[in-house]
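Quick notes on the structure that follows.
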Amino acid sequence: MDYEQFFAGKIADLKDEGEYRVFADLERKAGRFPRASHHRDGGVEEVVVWCSNDYLCQGQNPVVLKGMHEAIDKCGAGAGGTRNISGTNHYHVLLEAELADLHKKEAGLLFSAGYTANMTALSTLAANIPDMLVISDALNHNSMIEGIRHGRSQKKVFRHNDLEHLEEILQAAAPDQPKMIAFESVYSMDGDIAPIKEICDLADKYNALTYIDEVHAVGMYGATGAGVAERDGQMHRIDIIQGTMAKAFGVVGGYIAGSEAMCDFVRSFGQGFIFSSAMPPGVAGAALASVKWLKEHNEIRVKHQERAATLKRKLTEAGIPNMETVSHIVPVMVGDAKLCKQASDDLLYKYNHYVQPINYPTVPRGTERLRFTPSPIHTDEMMDDLVAALKEVWNNLSIKLAA
């Protein structure tokens, strides 16, 4: 077999289908976000970033930067090992306690990434609880799907946010069989939100554990930023909460929060935790500062929601087909992989607005889109300039406008 030819052929297929991913070479400007320098064609252009997961711009917050600098000055660059072998730094202990307090749980457990947190927690629970049945929402993130798959337990998938289908699956299981419902709060591609109360009601009725991914909600919803479950008054009913520091908190890393026994169980049996190097103290210090700050600053969440609503309104008024969502996610539908990629390229290279195309396998074929995530500091002027550019791109590419 000619391995190199095989690799090149597969990449060529992706390019032909419009699904090849190109990474924009960006240099974020400290203190000037959402502006960034885009390195291209041997030069540099200033662009406005519209697709960052640093939803609240905490990666630029001086309080967060100070937390990182202080931790680096005290502890150096790296943690020095896995958590089990010399890698547990005092900043990790403080951050885990802060996250437990955020979610009003007994304990928290840190991971190098949100992906690793889902993979490890779900696979560990599924593999080690005898006869476990995991019931997963059809639109759960890949990290949840892979975690459940690697757990090799019995699993069922319920139609997205379909409570009747979920109950059918619960009813069909033996009453004494261990069960866990795994779902997200905010679904990041469509921007819809799970019916958390109703899912918890079913979990109570059928004696099932609840596992919620609040990755796209922590920091942004609830009075203290604990997520949609806090906002909806349901946080105390969730058994396992999974979150990230890489989005609203502006740094990197993942975690779970729940009972002390559950967190200790995953800590003791989860291979993705046991064999991974610990996050650097500077990262933990920055995340700790960010969580503390956002607990006390609900006004940034209010501003964030207003900015998202304003962009949706401006897009609708201009006839740009954006999906109606109840969250901060603003998906603009294209429905064709090549057109989606071309629209993204034109916005970036002709108008200096950067939004990444979202194509298969992140979303199903035929639902390709541009996914906008306006921050609290995207201005009306930036939005008006973006909308004008979108209208020109839509016209130039003959993409259908909304009726």
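Details
- Test: S188 is more than 23 Å from K105 (Cα to Cα) and open to solvent by less than 20 Å² (accessible area, probe 1.4 Å): yes
- Out of H150, H165, H160, sole residue that is without any contact (Cβ under 8 Å) to a residue 60 or more places away in the chain, open to solvent by 10 Å² or more (accessible area, probe 1.4 Å), outside any strand (DSSP E or B) and out of contact with any strand residue (DSSP E or B) (no Cβ under 9 Å at 6 or more places or on another chain): H150
- Checking every residue in region 337-349 against the condition of being within 19 Å of the chain's Cα centre (by Cα), at pLDDT below 95 and not charged (D, E, K, R) gives zero matches.
- Top-ranked residue of region 209-220 - restricted to ones that are aliphatic (A, V, I, L, M) and open to solvent by 10 Å² or more (accessible area, probe 1.4 Å), ranked as nearest to G254 (Cα to Cα): V215
- Counting only residues that are in contact with a helix residue (DSSP H, G or I) (Cβ under 8 Å, 6 or more places away or on another chain) and either open to solvent by less than 30 Å² (accessible area, probe 1.4 Å) or of a type in the set (D, E) (or both), region 55-70 holds 7 of them.
- Scan of region 35-70 for residues that are among the small types (G, A, S) and more than 22 Å from the chain's Cα centre (by Cα), ordered by number: S37, G42, G43, G67
- E324 meets each of the listed conditions (1) open to solvent by 30 Å² or more (accessible area, probe 1.4 Å); (2) not in a loop (DSSP other than H, G, I, E, B) apart from (2).
- Exactly one residue out of A223, A248 is over 20 Å from T120 (Cβ atoms) and open to solvent by less than 10 Å² (accessible area, probe 1.4 Å): that is A248.
- Wholly enclosed helices (runs of 4 or more DSSP H) of region 200-275 bearing at least 1 residues more than 20 Å from the chain's Cα centre (by Cα) and touching a residue at least 60 places away in the same chain (Cβ under 8 Å): 260-269, 271-274
- Whichever residue in region 334-380 is in a strand (DSSP E or B) and in contact with an Asp or Glu (Cβ under 8 Å, 6 or more places away or on another chain) and, among such residues, is nearest to K303 (Cα to Cα): H353
The values are calculated or read from the model by the stated rules, or taken from the named source; none is laboratory data. These numbers come from a predicted model, not from an experiment. Virtual Cβ from ideal backbone geometry, glycine too; neighbours counted across all protein chains shown. What goes into the accessible areas is simple: the full protein's heavy atoms, side chains included, and nothing from ligands, DNA or RNA. Shrake-Rupley method; radii C 1.70, N 1.55, O 1.52, S 1.80 Å.
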